[in-house]
1. In cubic angstrom, how much convex hull volume per residue do the alpha carbon atoms of region 252-431 span?
2. Please report, to two decimal places, log10 I(q)/I(0) for the chain at q = 0.11, 0.12 Å⁻¹ as given by the Debye formula with identical point scatterers on the Cα atoms and no solvent.
3. Pull up the cross-link candidates among the aspartates and glutamates for residue 252, meaning alpha carbon to alpha carbon under 15 Å and not fewer than 8 places away within one chain.
4. If you stretched the chain out fully between residue 602 and residue 564, how much longer would it get, using 0.36 nm times the residue separation minus the C-alpha to C-alpha distance?
5. Using a 7 Å offset from Cα along Cα-Cβ at residue 41, what residues in region 55-72 end up with backbone N under 19 Å from the label point?
6. Mind checking which aspartates and glutamates have their C-alpha under 14 Å from residue 111, skipping anything on the same chain fewer than 8 residues away?
7. By how many degrees, 0 to 90 and rounded to 10, does the Cα axis of helix 433-454 deviate from the longest principal axis of the chain?
8. To the nearest 20 debye, what charge dipole does the chain have about its Cα centre, counting +1 at the Cβ of each Lys and Arg and -1 at the Cβ of each Asp and Glu?
Amino acid sequence: MCGIVGYIGNQKASSILVNGLLKLEYRGYDSAGLATIENGKIEVLKDKGRVKNLYELEKKNNLTGTVGIAHTRWATHGMPSKINSHPHTDETNSIAVVHNGIIENYIELKKFLEEKGYNLVSDTDTEVIPNLIHYFYTKETGNDKLKILRAVKNACDKLVGSFALEILSKDYPDNMIVVRKDSPLVIGKGFDEIYIASDIPAILSYTRDFYLLDNLEFAFLSRDSIKFYNNNLEKFQKEATSISWNAASSDKNGYEDYMLKEIYEQPTAIRETIGSRLDGENCNFYELNLDKKYLSSVNQIYIVACGTAMHAGLSVKPTIEKLCKIHTQVDIASEFRYKDPLIDQNTLCIFISQSGETADTIAALKLSKKKKATTIAVTNVIGSSITREADYSIYTHAGPEIAVASTKAYTSQIAMLTLLAIYFAETLDSASKDIIQTLKENLLELPSKIEETLETIDQIKDISKTMFKEKDVFYLGRGIDYATAEEACLKLKEISYIHSETYAAGELKHGTIALIEEGINVIGIITDSNLVKKTVSNIEEIITRGAKTTIVVSTTVSSMIDKSIFDNIIVVPDTSIFLSSIVTVVPLQLLAYYISKEKGLDVDKPRNLAKSVTVE
Ligand code: M6R
C-alpha cells in the first residue's frame with residue numbers, strides 16, 4: 001500500500017505535496033518522491049527513506065511549478081531504492097505517474113513494451129504505466145484536448161490489478177488526469193485549486209468538499225474545473241461530499257504519537273459510534289432494510305475481517321449468539337475467500353474494516369455476494385471501496401485513525417456490532433427486554449468507564465519499564481477475555497516487536513505449559529465472575545513454574561481473588577461481560593505503547609507494516 005497526493009492551482013506545488021505526504025506516511029514509508037511541471041518540463045525528486053528525506057530534497061531544489069504529483073511508498077515490487085521510487089516516467093520524460101495498487105500483469109506488459117523498443121529501468125510494476133500511456137499517446141492521430149485522456153484510458157484497459165493513478169504530461173502543463181480501480185483516491189475542491197489524495201485527512205486542512213471516484217472513473221483536472229468521464233469516456237456530473245471532521249481531528253493535537261492520541265480519543269469515539277442509535281425506544285439502524293421476515297430466514301451469520309477488525313468480530317460473536325440465537329462464525333478474510341465457504345441466501349455476512357480498503361476483506365465480500373448472501377460493511381471511512389460493494393454500510397464514526405496499530409477503531413467496532421446485535425434481537429424479539437435494557441445502559445456508560453480506565457496510565461508506565469526487555473510474553477483469557485487477549489497480544493507484537501502468543505487459559509496444560517519457565521511474563525485477563533476460579537487456578541499453575549504475572553481484572557473480580565499471588569494487578573471498572581473487551585483492552589493498548597516507547601521504537605509506523613493492506 002502507498003499514499004499519493006496531487007495539487008493543481010496557483011501555489012508552489014512541491015511544498016503542498018510534501019505536507020500532504022507527511023500525513024499519509026502511515027500508508028507506506030520506505031521511499032518518497034514528487035514531480036512538478038517546471039517551464040513545460042517534468043522535474044522529479046525522489047529517494048528511498050522517509051518523507052523527511054524528500055522534505056530536505058524539496059528545500060534544496062527550488063521547484064516553482066504549480067502542478068504536481070507525489071507518492072510515499074510501501075514496497076511490493078522491487079526493493080526500496082531511488083530507482084524504484086515513484087513518480088515513474090516514460091523514457092522520454094514526457095509522462096509521469098504515481099501509483100497506489102498492484103499491476104498483476106506487469107511482466108507481460110513489460111515484455112510488450114520492450115518489444116516495441118521501450119527501455120524500462122526499475123524493478124517495479126508501476127513503470128509500465130507511463131510507458132504504456134506514452135505508447136498509446138504516440139498512436140493518437142487527433143490533436144484535441146482529450147488525446148491524453150484517450151491514451152490513459154487505453155493504457156488502463158491493459159492493466160490487470162488495482163490502481164489509483166495521478167498522471168502528468170508535459171504536453172498538458174496545466175492539467176492532471178486521475179483514475180482509480182480498487183484503490184482509494186479522493187479529489188478535494190478548493191477555490192481555483194484542486195487537491196488529490198489517497199484519503200481525506202491528508203488534504204483536510206485545505207478543503208471540506210470532496211469527490212469520491214468510483215472504479216474506472218477518470219477525472220480531467222484544471223485548476224478551476226474537474227471534468228468526470230466514465231470508462232467509455234462519456235462526460236458525467238458528480239456530486240461533492242462535504243466532510244464534517246476538522247483538520248485538528250487528524251493532527252496529533254499535542255500528543256507525542258498518533259497512537260496515544262487515538263487511545264485517549266476512545267471515550268469520544270464510542271460516544272460518536274453510539275450517536276443517535278439509542279435515541280428512541282428501540283435501537284435505530286435506519287439504513288438497514290432488514291425486517292423480521294428476512295432476519296428470521298437467516299440461519300447463520302459470518303463475520304469476516306483481518307487483524308484487529310477480526311478480533312472485534314471474535315469479541316462480538318458471543319453477544320450475537322446470546323441475543324439473536326443465530327449461529328455466528330468469525331473468519332479471517334484471507335482464509336474465507338479461498339475456502340469455498342458454505343453460505344447462501346440465508347447467510348448474513350458482516351465485513352469489518354476500519355479503512356474499508358483491505359483487499360482480502362473486499363474480495364471475501366464479493367465472494368459472499370456471488371453466493372447470494374446479504375452483506376453489511378462496518379467501516380470507519382466514508383465512501384471507502386468496501387461501501388461501494390456491500391448491500392449495506394454502517395459507519396463507526398470513530399474519526400480518522402492514523403497510527404498503524406488500530407485502537408479506537410477496534411473499540412468502536414465492538415460498540416457498533418453490539419448495537420447491531422441489539423437491533424437484530426429487538427426486530428426478532430429473541431432476547432429478554434431486561435438483558436437488552438441493561439446492555440443499552442452499559443453502552444451509554446462506556447465513555448466514562450474508559451476515562452476511568454485511562455487513569456491506570458502511571459501504573460502501566462511502571463509495568464512497561466519492567467517488561468520492555470522481554471523476549472517472549474504470553475497472554476491468557478477465557479471466553480470474551482480470550483478474544484481481548486488476542487487483540488492485546490497483536491498490539492504488543494506489532495509495535496514492540498516482542499514475540500507474544502495468546503492461549504485460552506484452560507488449554508495451557510495441553511502443551512503450552514511446557515514453555516513456561518522461571519521469569520517468563522504472562523498477562524491474564526479475567527472479567528467473568530463465573531469463571532474466576534477456573535482462570536485463577538490456571539494462572540496458579542504457571543506461577544508455580546516461576547512465571548511473572550500481570551492480570552487485568554474487573555472491580556468485582558478483584559474483590560474475589562487473593563491479590564498477593566500476582567506481580568501486578570490492573571483493576572478496571574465493571575461493565576457487561578459483552579462489552580468487557582472495550583474496557584480491558586485499554587490498559588493493554590497503553591502497555592504495548594509504553595513498551596514500544598521504552599524500546600525507542602517508532603510507535604506510529606512499525607517496521608514492515610502499513611495502515612491499510614490493499615494487496616493480497
Ligand atoms: O482497515 P482494516 O480494518 O480492514 O485493517 C485490518 C488489519 O490490517 C488491521 O486491523 C491491522 O491488523 C492493524 N495494524 C492492527 O493494529
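The values are calculated or read from the model by the stated rules, or taken from the named source; none is laboratory data. Predicted model only: the values in this text are computed from it and were never measured. Cβ coordinates were reconstructed from backbone atoms using ideal geometry, including for glycine residues, and neighbour counts include every protein chain displayed. Ligands, DNA and RNA are stripped out before the accessible areas are found, and what is left, the full protein with its side chains, is counted by its heavy atoms. Shrake-Rupley method; radii C 1.70, N 1.55, O 1.52, S 1.80 Å.
1. Looking at region 252-431, the number lands at 104 Å³ per residue.
2. -1.05, -1.19
3. 25, 262, 265, 401, 602, 604
4. 10.1 nm
5. 58-69, by backbone N distance to the label point.
6. Once the sequence-local aspartates and glutamates are set aside, what remains near residue 111 is 123, 125, 127.
7. Compared with the principal axis, the helix lies near 70 degrees.
8. Dipole size: approximately 880 debye.
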